[in-house]
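What follows is a short report on a single structure.
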Amino acid sequence: MTTFSPLLTRLTNHLTISDQQIEQIAVSFTQAIEDGLTEKSSPLKMLPSYLAKPTGQETGIYLALDFGGTNVRVLLIELLGQGQSAIRVHSCQPLQDYLSPHTSAEALFNAIAAAIGRLAPPGVVCYLGHTFSFPSRQQSINHAVLLDWTKEIKTAGMKGRNVNQLLQEALIRCRFPNVIPKAILNDTTGTLLTGVFQHPSTDIGSICGTGHNTAYLEPHSPLTGQPMILNLESGNFDQLPVTYYDIILDKTSDNPGRQCLEKMVSGRYLGELLRLIATDLFPEIMARAKPGQPLATPYALTSEDITRLLSDHTPVLDNISNWLNDRLQLPNSSLKQRTALKQIAGLLIARSARLIAATYLGTLRHIDPECSSPHAIAIDGSLYEKVPGYAQTIRVALMAALGEQAEQVTVNLVKDGSGIGAAIAAAIAVKSGA
Ligand code: GLC
């Protein structure tokens with residue numbers, strides 16, 4: 001049997017982010033924000049949203065389209081004022097159902113328009129907010145041009161096009177002219193807007209799920225000099241301590257050289273990092289692996305597998321043994337192998353949460369260097385919500401770095417943040433006459 005202790009020790013060293021590294025990353029993140037704001041070269045895109053904080057008094061019934069990395073969700077949402085909202089009906093379909101290798105932009109939006117039509121109240125005008133969770137350059141609250149696909153999506157013919165217009169044209173083609181797309185926004189912006197409904201001091205919104213990104217309320221936006229939510233596209237931040245496995249993953253990805261942070265922290269990639277490490281850890285298994293065997297198949301493992309590993313608290317890791325048997329077709333694992341896998345899953349998750357905490361720290365220090373007023377960070381996404389210990393690790397890292405200032409900062413889970421945020425954005429757009 002292979003002794004993998006030396007590799008495990010090396011991995012532990014390489015994947016552990018010290019408090020000192022958190023400080024260093026936060027400093028470079030603040031610098032990247034400031035460079036981005038002054039149009040110097042920066043890994044952060046600082047994309048304007050044309051939205052500021054909602055008042056909480058927004059009311060009415062709106063459709064929301066949430067087009068993220070995993071699912072396409074349509075929601076009918078009632079905003080009730082006083083920061084309250086209720087989801088009346090919703091539908092959800094895996095994004096993959098909408099995509100085939102040859103799907104055109106028009107076909108994609110026809111399918112989305114049909115899904116919206118199924119929930120739209122018939123015969124009445126209904127305004128819609130569209131959360132489109134990819135880097136887009138906005139020219140107004142309802143005009144956004146796709147800059148690049150991320151999260152390994154690659155529908156052709158969409159880059160450089162006005163996404164809101166694509167949706168509007170599809171709604172007309174599919175005979176739903178009563179649905180009027182009024183606002184388009186990133187999911188981080190939506191999460192921030194929804195966060196404000198629940199905690200008025202929210203000024204950072206973030207997604208820790210399939211993808212990773214953060215938006216914040218810039219007190220003096222370069223465009224208007226007024227407060228505006230900016231989408232950092234922080235998944236592209238790259239001043240980070242990468243490992244050999246991060247480099248391999250990047251090289252074999254659809255977008256090498258881009259989305260460095262996202263590839264180290266988000267659900268889309270954590271399973272693949274685990275797989276790459278596991279193939280080195282168990283060379284004898286790999287030597288016998290048949291084609292199609294999950295360990296030999298890129299992206300076969302997901303963050304749900306990591307959650308399964310971390311949730312096994314049985315004395316001899318029986319659940320991991322079952323997982324290896326059923327999911328990876330690897331019977332007869334040793335306790336040592338199971339323990340090593342669980343340890344790696346824990347290291348990857350802790351690294352993800354601590355790197356993200358460092359970027360929140362960098363953002364907070366830009367907004368309020370002395371941390372003299374209260375700030376709330378609103379987070380949505382499956383990693384934050386579901387992975388054991390993830391939320392706690394972010395909080396502990398932030399609190400340790402902030403010291404006495406920690407009492408000014410709260411971190412909150414905002415479920416359905418991006419969908420509800422789309423309704424809030426539509427309400428703001430309708431009110432402003434956009
Ligand atoms: C990717 C997208 C970004 C989105 C994030 C979370 O990083 O580029 O726009 O906010 O995923 O869904």
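The values are calculated or read from the model by the stated rules, or taken from the named source; none is laboratory data. The structure presented is a predicted model; accordingly, all values stated were derived computationally and were not measured. Here the Cβ is made from the backbone with ideal geometry for all residues, glycine too, and neighbour counts use every protein chain on show. Each accessible area value is taken on the protein alone, full model and side chains, heavy atoms only, with ligands, DNA and RNA left out. Shrake-Rupley method; radii C 1.70, N 1.55, O 1.52, S 1.80 Å.
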Note to self: If I filter the stretch 73-87 for residues that are β-branched (Val, Ile, Thr), surrounded by fewer than 18 Cβ atoms within 10 Å (Cβ to Cβ) and assigned to a strand (DSSP E or B), do I get at least one hit?
What the structure shows: yes
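If you take the residues in the stretch 117-172 that are of a type in the set (D, E, K, R) and at positive phi, which one is surrounded by the fewest Cβ atoms within 10 Å (Cβ to Cβ)?
So, considering only residues that are of a type in the set (D, E, K, R) and at positive phi, the one surrounded by the fewest Cβ atoms within 10 Å (Cβ to Cβ) is Glu152.
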Residues in the stretch 253-300 that are closer than 18 Å to Ser333 by Cα and at pLDDT below 95 total 17
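Residue-by-condition table, conditions (1) within 18 Å of His313 (Cα to Cα); (2) not small (Gly, Ala, Ser):
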{"residue": "Ser333", "(1), (2)": "yes, no"}
{"residue": "Lys336", "(1), (2)": "yes, yes"}
{"residue": "Leu347", "(1), (2)": "yes, yes"}
{"residue": "Arg354", "(1), (2)": "no, yes"}
{"residue": "Ala358", "(1), (2)": "no, no"}
{"residue": "Ile367", "(1), (2)": "no, yes"}
{"residue": "Ala376", "(1), (2)": "no, no"}
{"residue": "Asp380", "(1), (2)": "no, yes"}
Checked the stretch 382-414 for anything modelled with pLDDT under 95 and within 15 Å of the ligand (Cβ to nearest atom); matches are Ser382
Of the residues in the stretch 325-356, those that are farther than 23 Å from Gly209 by Cβ, open to solvent by 10 Å² or more (accessible area, probe 1.4 Å) and aliphatic (A, V, I, L, M) come to Leu330, Leu335
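Conditions tested, residue by residue: (1) within 29 Å of His212 (Cβ to Cβ); (2) within 16 Å of the ligand (Cβ to nearest atom); (3) among the small types (Gly, Ala, Ser); (4) free of Cβ contacts under 8 Å to residues at least 40 places away in the same chain.
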{"site": "Ala52", "(1), (2), (3), (4)": "yes, no, yes, no"}
{"site": "Phe67", "(1), (2), (3), (4)": "yes, yes, no, no"}
{"site": "Leu80", "(1), (2), (3), (4)": "no, no, no, yes"}
{"site": "Ser91", "(1), (2), (3), (4)": "yes, no, yes, yes"}
{"site": "Cys126", "(1), (2), (3), (4)": "no, no, no, no"}
{"site": "Gly129", "(1), (2), (3), (4)": "yes, yes, yes, no"}
{"site": "Asp148", "(1), (2), (3), (4)": "yes, yes, no, no"}
Scanning the stretch 242-278 residue by residue, those over 27 Å from Asp380 (Cα atoms), open to solvent by 40 Å² or more (accessible area, probe 1.4 Å) and of a type in the set (Val, Ile, Thr) turn out to be Ile247, Ile248, Thr252
Of the residues in the stretch 245-257, those that are in contact (Cβ under 8 Å) with a residue 40 or more places away in the chain and more than 15 Å from the ligand (Cβ to nearest atom) come to Thr252
The correct count of residues that are assigned to a helix (DSSP H, G or I) and within 25 Å of the chain's Cα centre (by Cα) in the stretch 296-319 is 8
Here the residues within the stretch 338-350 that are in contact (Cβ under 8 Å) with a residue 60 or more places away in the chain and either not in a helix (DSSP H, G or I) or not β-branched (Val, Ile, Thr) (or both) are Ala340, Leu341, Gln343, Ala345, Leu347, Leu348, Ala350
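Any idea which of Ile229, Ile180, Ile204, Ile184 is hydrophobic (A, V, I, L, M, F, W, C) and either out of contact with any helix residue (DSSP H, G or I) (no Cβ under 7 Å at 6 or more places or on another chain) or open to solvent by 10 Å² or more (accessible area, probe 1.4 Å) (or both)?
Result of the check over Ile229, Ile180, Ile204, Ile184: Ile180.
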